[in-house]
Each structure stands twice: as C-alpha cells, then as structure tokens.
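Engineer: Would you mind keeping the following structure in view while I ask a few things?
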Amino acid sequence: MLILNPDPAHGAPLDAADAALLGADPADELARYLAHRPDHRPTPLIALPCLAARLGVAALHLKDESTRFGLGSFKALGGAYAVVRLVLEEAARRLGRPVGYADMAAPEVRRVAATMTFACATDGNHGRSVAQGAAMLGGRCAILVHAGVSPARVAAIAGLGAEIIRVDGTYDDSVEEAARLSAARGWTVVSDTSWPGYERIPGLVMQGYVAMVDEALAAMPAPPTHVFVQAGVGGLAAAVAGHLAERLGARRPTLVVVEPDRAACVLETARAGRPVRIAAGAPTVMAMLECYETSLVAWRILARAADAFMTVSEEDAVAAMNRLARPEAGDMAVVAGESGGAGLAGLLRVAGDAGARQALGCGAEARILVFNTEGATDTARYRDLVGLDPALVAGAGSAPDQ
C-alpha cells in the first residue's frame, strides 16, 4: 500500500524548533562529538549499479549502517550521543564550569556519570546504543525489553553492562513502563520516541542520526532524487527527512516512509492527520520496526517533509535481505538484518508498480538512496531467513559476472 502525504502542512518549512533540531548547528555539534570517539569511522556508501539497471533507475546507493560503532545498527548514533550530552550537561552544572567532549574520560566527569542511571525500552538496537553510551562514561543503565526481543539481542545488551528488565506486552508497553519506573526511581529516560512534555531527549537521539545523512551526501556523486527510509515510531525517518529539507531546501529528494504492513503506525497517523496508536497484531519479522504509536516530534516533521507512506509485507522484507545477500552480478553483497532491508523492500515494491512509479516520479533518471539500518544483529535468525552465514556474505565482495 502506498499513499501520498495528505497533510495540509506537506511541503511547508519545518517548525522553527524542528529546524533548529535538525539543521546545520546540531550537525556541527554532532561532528565535534564524533571527532572525540576513537572508534568512529564513516560507514560505507555502496553503489548497486547492476540492481539499479534491473530496476530501471539511474543510480542506487545503499548507506550500510551494519558496522556502526561495532553495534551493527544506525541506532548506535542516537542513544549513546544523547547519554553523552546529558552526562556532560550534568557535569557542567555540578562542577560549575564548561565541560566538553574532550572531558569524557576525565575522572570528575566519570564520577558524575556514576551517579546517573539511564533507562529505555528497546526492540534491541536502541538499548545497545544507550548501554554503550552509559558504559563509555561510567554510568549505569537499565534496559526494558518485551517478550518479542530475541535472546541474542538481550544478551548483546547485557554484555554492555546494562540491567535487563523484562516487560509483558509490546514495545509500546515497555516504553510506558520505562517512563513509570524512571519517574519512581529517579532515572533518566533516553527514549527514541516522544510524547507531550517529553521531546528534548528524543530530539538528541534523532540528532545523532543526522551523521549518516551527511556522510551519504558527501559520498554520493550527486544528491539523491528519491529516498526510501524505514520507520518504527518515525524517529529515523523524521531525522532523515528533516535534515534533507534543511540542507537541500527546494532541491530535497522525494522521501518515502516504509513500514511493515503489520505495524504501520506512521501511515495510519498520516491518514488521521495526528499521531495515533494502532492495535497490536501478529508480530512482524521486521522486529526493530514493530511499533504501534508514532512519535510526536517525528510526526510534526514528517507531516511537512515526507512525501509518501507505504507498507511492505513479511515476504517483501525477507526478499530484500536475500537480494542483498545474493546480489546482481557485479554488485556487492550486503548483510542486512530483518529490518535493515525494509527501505530497499519499499523500492522493490514501487519499481514493480507502474502507478506507484508515476505517482512518485521514480523514472529512468531517478537516483535512489536507501539505508541498511542493521546487520545480522541476531545471527541465528539471519541464517534461518537467508540460508547463509552472515560472515560469509560479508566476505563475499562483489557477485561474479554471469
């Protein structure tokens, strides 16, 4: 299913607060943070010319976030950044002097961090990022996981030193429980979704995602004409859409938000014209996108800066994983997790639908950007769905000419 953005605000400039959130100054601030992380490397931008030719477009580039900070997901950019900012702000307040990124390892900053506990709900990847940020500075961390989070992903979070708290219900239920527990215990919630009265910290998380957009634009031969980006609560999609709108203005690409058809809260929000919570149904294989309530800040941005909303099926998602693992002859193999290839799944769906292509202006001159938002963060699940070991796919390089 695909709908064009029906919101009356579509195409309008971002609200001043959202423009400030995702504009040039926050991008510069983020760059200063990344410069002080010795493990920072820009992730690869992979050209897929053979698949582009197959789909009848001029170019297709994939920003591969599967190696980001060793966590296997774009989420590594957001939660950890928010934790660092919050610790440095609290240290500056207590010490009575400016504290910057160069001070992250300072004993007095670590003493402050040791008194702070950061909490969040997660489907797997955001929790790892928050836990890594807390561990970097010596803070404490509590991560709430629902029953749908796989044991491998829970173990990866626990391996970063986080306390694991199990919650009945869905991701959205765990978000509510994280907020309740944090209020009761004096913890700081570092959520990737927002609600009335709670916007600044999710905004910091979204700012972190801007790095991959700037890296992609710097590496592309020409700016994209179309971007397909996946959504859970909408934070990633909003960060991408909002930053592109601020950076490129009238030259911004057509942006398509892609969701699982079993958890399409952003599409239903677009239909309703306001953030909505949809009923939970059957679980989706795209576990990192299994969210049922749209982030307030994300929707405010997407209402203006997204151009279309669409859903993909379970089969579409698995097909995209396999397409990347077994690429067109001459293209590079890519390890994409269950949610990682959802943006590409959206493009593949559109490419096979003449009406959708026309509606989006996605013709022979289109230059497409998609994001592989996660690698094989659950290797057993990847093997089940793809039939290959992710290490073999990662080492395969380009597919041989046939």
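The values are calculated or read from the model by the stated rules, or taken from the named source; none is laboratory data. The model shown is predicted, which means the values in this text are computed figures rather than measured ones. Cβ coordinates were reconstructed from backbone atoms using ideal geometry, including for glycine residues, and neighbour counts include every protein chain displayed. The protein model used for the area step is the full one, side chains on, heavy atoms only, and it has no ligands, DNA or RNA in it. Shrake-Rupley method; radii C 1.70, N 1.55, O 1.52, S 1.80 Å.
Engineer: Any idea which of (1) open to solvent by 10 Å² or more (accessible area, probe 1.4 Å); (2) within 30 Å of Leu48 (Cβ to Cβ); (3) among the acidic types (Asp, Glu); (4) not in a loop (DSSP other than H, G, I, E, B) is the one Glu259 doesn't satisfy?
Structural biologist: Unmet condition: (1).
Engineer: Out of all the residues in the range 139-153, which are surrounded by fewer than 19 Cβ atoms within 10 Å (Cβ to Cβ) and over 16 Å from Val189 (Cα atoms)?
Structural biologist: Of everything in the range 139-153, those that are surrounded by fewer than 19 Cβ atoms within 10 Å (Cβ to Cβ) and over 16 Å from Val189 (Cα atoms) turn out to be Ala147, Gly148, Ser150, Pro151, Ala152.
Engineer: Going by what's in this entry, would Glu65 be described as surrounded by 19 or more Cβ atoms within 10 Å (Cβ to Cβ) and touching a helix residue (DSSP H, G or I) at 6+ places or on another chain (Cβ under 8 Å)?
Structural biologist: Judged against the criteria, Glu65 is a match.
Engineer: Sticking with this one: Somewhere in the range 290-297, is a residue under 11 Å from Ala231 (Cα atoms) and part of a helix (DSSP H, G or I)?
Structural biologist: Looking through the range 290-297, none of the residues is under 11 Å from Ala231 (Cα atoms) and part of a helix (DSSP H, G or I).
Engineer: For the range 38-54, what are the residues that are of a type in the set (D, E, K, R) and closer than 14 Å to Thr67 by Cβ?
Structural biologist: Residues satisfying the conditions are Asp39, Arg41.
Engineer: Ok, one more. Tally the residues that are buried (at least 24 other Cβ atoms within 10 Å of the Cβ) and part of a helix (DSSP H, G or I), restricting the search to the range 242-256.
Structural biologist: Total satisfying the criteria: 4.
Engineer: To continue, here is another question. From the set of residues in the range 296-353 that are over 22 Å from Thr379 (Cβ atoms) and among the hydroxyl-bearing types (Ser, Thr, Tyr), which is surrounded by the fewest Cβ atoms within 10 Å (Cβ to Cβ)?
Structural biologist: So the residue we want is Ser313.
Engineer: So, in the range 187-227, exactly how many residues are among the hydroxyl-bearing types (Ser, Thr, Tyr), open to solvent by 30 Å² or more (accessible area, probe 1.4 Å) and touching a residue at least 60 places away in the same chain (Cβ under 8 Å)?
Structural biologist: 2
Engineer: Now for a different question. Would you call Ala250 touching a residue at least 12 places away in the same chain (Cβ under 8 Å) and not hydroxyl-bearing (Ser, Thr, Tyr)?
Structural biologist: No: the conditions fail for Ala250.
Engineer: If you don't mind, there's one more thing I want to ask. Does any residue of the range 229-241 turn out to be touching a residue at least 12 places away in the same chain (Cβ under 8 Å), surrounded by fewer than 20 Cβ atoms within 10 Å (Cβ to Cβ) and over 23 Å from Pro8 (Cβ atoms)?
Structural biologist: There is no residue in the range 229-241 that is touching a residue at least 12 places away in the same chain (Cβ under 8 Å), surrounded by fewer than 20 Cβ atoms within 10 Å (Cβ to Cβ) and over 23 Å from Pro8 (Cβ atoms).
Engineer: If you go through the range 269-289, how many residues are surrounded by fewer than 22 Cβ atoms within 10 Å (Cβ to Cβ), part of a helix (DSSP H, G or I) and in contact with a strand residue (DSSP E or B) (Cβ under 9 Å, 6 or more places away or on another chain)?
Structural biologist: Residues flagged as surrounded by fewer than 22 Cβ atoms within 10 Å (Cβ to Cβ), part of a helix (DSSP H, G or I) and in contact with a strand residue (DSSP E or B) (Cβ under 9 Å, 6 or more places away or on another chain) within the range 269-289 amount to 1.
Engineer: With the range 329-393 as the region, which helices (runs of 4 or more DSSP H) entirely inside it contain at least 1 residues that are under 30 Å from Gly159 (Cα atoms)?
Structural biologist: In the range 329-393, 342-351, 379-386 are the helices (runs of 4 or more DSSP H) which contain 1 or more residues that are under 30 Å from Gly159 (Cα atoms).
Engineer: Kindly establish whether Val109 is farther than 23 Å from Met212 by Cα and open to solvent by less than 10 Å² (accessible area, probe 1.4 Å).
Structural biologist: In short, yes.
Here's the yes/no breakdown for (1) in contact with a Phe, Trp or Tyr (Cβ under 8 Å, 6 or more places away or on another chain); (2) not small (Gly, Ala, Ser):
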site	(1), (2)
Ala306	no, no
Ser313	no, no
Gly346	yes, no
Arg357	no, yes
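Engineer: So, in the range 366-388, of the ones that are crowded, with 24+ Cβ neighbours inside 10 Å and among the β-branched types (Val, Ile, Thr), which residue ends up nearest to the chain's Cα centre (by Cα)?
Structural biologist: Thr373
Engineer: Something else: Of all residues in the range 70-95, which are in contact (Cβ under 8 Å) with a residue 12 or more places away in the chain and surrounded by fewer than 23 Cβ atoms within 10 Å (Cβ to Cβ)?
Structural biologist: The answer is Gly70, Arg85, Leu86, Leu88, Glu90, Arg94, Leu95.
Engineer: For the range 24-40, give me each residue that is in contact (Cβ under 8 Å) with a residue 24 or more places away in the chain and among the charged types (D, E, K, R).
Structural biologist: Glu29, Arg32, Arg37, Asp39
Engineer: Something else: If Phe118 satisfies every condition in (1) in contact with a Cys (Cβ under 6 Å, 6 or more places away or on another chain); (2) open to solvent by 20 Å² or more (accessible area, probe 1.4 Å) but one, which is the exception?
Structural biologist: Going through the list (1) in contact with a Cys (Cβ under 6 Å, 6 or more places away or on another chain); (2) open to solvent by 20 Å² or more (accessible area, probe 1.4 Å), Phe118 breaks only (2).
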